[in-house]
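Novice: Please read through the structure below; I'll follow up with questions.
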Amino acid sequence: MMKKGLFALIVMIITLSISGISAHAAPFNVYTETSGYAAGIDNFLPTGYMGDYLDITMTDGASGAHSGSTCTYVDYTAAGSGGEGLTDGSGYHPLYWAGVYWQEPGNNWGDLDGGYDLTGSTVLSFFAKGVNGGEKVTFGAGGIGAPPPYGKGDTFSVNMPTQTLTTDWQQYTVDLSGLDMSHVIGGFKWAATRRDNPSGATFLLDDITYDVIPEPSSLILLGSGILGMLSFSRKKKKA
Ligand SMILES: [Ca+2]
């Protein structure tokens, strides 16, 4: 009778512990919804404009979301109208590429305190959809600044090969295994070039998330720890 009760208790505690860990290991969002950052649902801001950034129109809250009620609309004209390129007497010299980082905190180019420890995350996942189809866009994350202890930047950098978007929502994943995810300030980025998109690129982004998975060893440790505690308390009672 005692043994059965104890076994049930152990099973219950382990089940509760594992479900508790699963809840904690919910996807860590870069971006999912308008005002998601203010609401504490999303964890990065799209503040890092790069290249010919005056060619970019990026609006949050576009219709036709992959999930929820909103997504991000991106339009890159490829016109080379202005940005980080040199401006002299003959005008602006375009770089013919542009892109945007989602950062934490906003406008963090590796000089601000902030960012996240996403150790245990193995996959960065997002959904993208071309408005016309055929848009060629590169995606990635990390790579801002110098990593600790030298600086306050990212401890990792990933860049996907250039993707050709379709007019359907497609899920894209970036493998993070083996990377040092202990300090993440550049949660996500897109970039497009004029060479790949002579007449520009218009596309939608949604559900940009890190899949934070606890390492199996920590689960086993926790389980054996609970069993150890139980057996200890049982011995104590008998004595
Ligand atoms: Ca959404």
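Novice: Would you check if residue 17 is in contact with a Pro (Cβ under 9 Å, 6 or more places away or on another chain), assigned to a helix (DSSP H, G or I) and modelled with pLDDT under 95? Show your work before the answer.
Specialist: Details: in contact with a Pro (Cβ under 9 Å, 6 or more places away or on another chain): no; assigned to a helix (DSSP H, G or I): yes; modelled with pLDDT under 95: yes.
No; evaluated as a whole, the condition is false for this residue.
Novice: Looking at 120, 145, which one is modelled with pLDDT under 95 and either of a type in the set (A, V, I, L, M) or over 12 Å from residue 188 (Cβ atoms) (or both)?
Specialist: Working: 145 fails: modelled with pLDDT under 95.
Exactly one residue qualifies, and that residue is 120.
Novice: Within region 121-131, does at least one residue satisfy the condition of being surrounded by 19 or more Cβ atoms within 10 Å (Cβ to Cβ) and free of Cβ contacts under 8 Å to residues at least 60 places away in the same chain?
Specialist: Scanning region 121-131, I find no residue that is surrounded by 19 or more Cβ atoms within 10 Å (Cβ to Cβ) and free of Cβ contacts under 8 Å to residues at least 60 places away in the same chain, so the answer is no.
Novice: Do you know which residues across region 63-75 are within 18 Å of residue 171 (Cβ to Cβ) and away from the ligand (no atom under 13 Å from the Cβ)?
Specialist: Within region 63-75, just 74 meets the criteria.
Novice: Please determine whether any residue of region 138-147 is out of contact with any strand residue (DSSP E or B) (no Cβ under 9 Å at 6 or more places or on another chain), assigned by TED's automatic domain parsing to the domain that holds residue 96 and over 27 Å from residue 194 (Cβ atoms). Show your work before the answer.
Specialist: The first filter runs over region 138-147 and keeps only residues out of contact with any strand residue (DSSP E or B) (no Cβ under 9 Å at 6 or more places or on another chain), leaving 146-147.
Next, only the ones that are assigned by TED's automatic domain parsing to the domain that holds residue 96 stay: 146-147.
Restricting the remaining residues to those that are over 27 Å from residue 194 (Cβ atoms) gives 146-147.
Yes, region 138-147 contains a residue that is out of contact with any strand residue (DSSP E or B) (no Cβ under 9 Å at 6 or more places or on another chain), assigned by TED's automatic domain parsing to the domain that holds residue 96 and over 27 Å from residue 194 (Cβ atoms).
Novice: Let me ask another. Restricting attention to region 37-62, and to residues there that are crowded, with 19+ Cβ neighbours inside 10 Å and assigned to a loop (DSSP other than H, G, I, E, B), which single residue is nearest to the ligand (Cβ to nearest atom)?
Specialist: Filtering first and then ranking leaves 42.
Novice: On the basis of being of a type in the set (Gly, Ala, Ser) and farther than 21 Å from residue 104 by Cα, does residue 133 make the cut? I'd like the intermediate steps shown before the answer.
Specialist: Numbers: of a type in the set (Gly, Ala, Ser): yes; farther than 21 Å from residue 104 by Cα: yes.
Yes, satisfied.
Novice: Residues 159, 108: which one is more than 16 Å from the ligand (Cβ to nearest atom), buried (at least 22 other Cβ atoms within 10 Å of the Cβ) and not hydroxyl-bearing (Ser, Thr, Tyr)?
Specialist: Numbers: 159 fails: buried (at least 22 other Cβ atoms within 10 Å of the Cβ).
Criteria check complete, one pass: 108.
Novice: Turning to a different aspect of this structure: Assess whether residue 122 counts as being closer than 17 Å to residue 207 by Cα, away from the ligand (no atom under 16 Å from the Cβ) and in the same structural domain as residue 159 (by TED's automatic domain parsing). Working first, answer last.
Specialist: Values: closer than 17 Å to residue 207 by Cα: yes; away from the ligand (no atom under 16 Å from the Cβ): yes; in the same structural domain as residue 159 (by TED's automatic domain parsing): yes.
The answer is yes for residue 122.
Novice: Within region 80-103, is even one residue within 16 Å of the ligand (Cβ to nearest atom) and aromatic (Phe, Trp, Tyr)?
Specialist: Of all residues in region 80-103, those within 16 Å of the ligand (Cβ to nearest atom) come to 102.
From the residues that got through so far, the ones that are aromatic (Phe, Trp, Tyr) too are 102.
Looking through region 80-103, at least one residue is within 16 Å of the ligand (Cβ to nearest atom) and aromatic (Phe, Trp, Tyr).
The values are calculated or read from the model by the stated rules, or taken from the named source; none is laboratory data. Not measured: the values here are computed from a predicted model. Every residue, glycine as well, gets a Cβ built from its backbone with ideal geometry; the counts of neighbours run over all protein chains shown.
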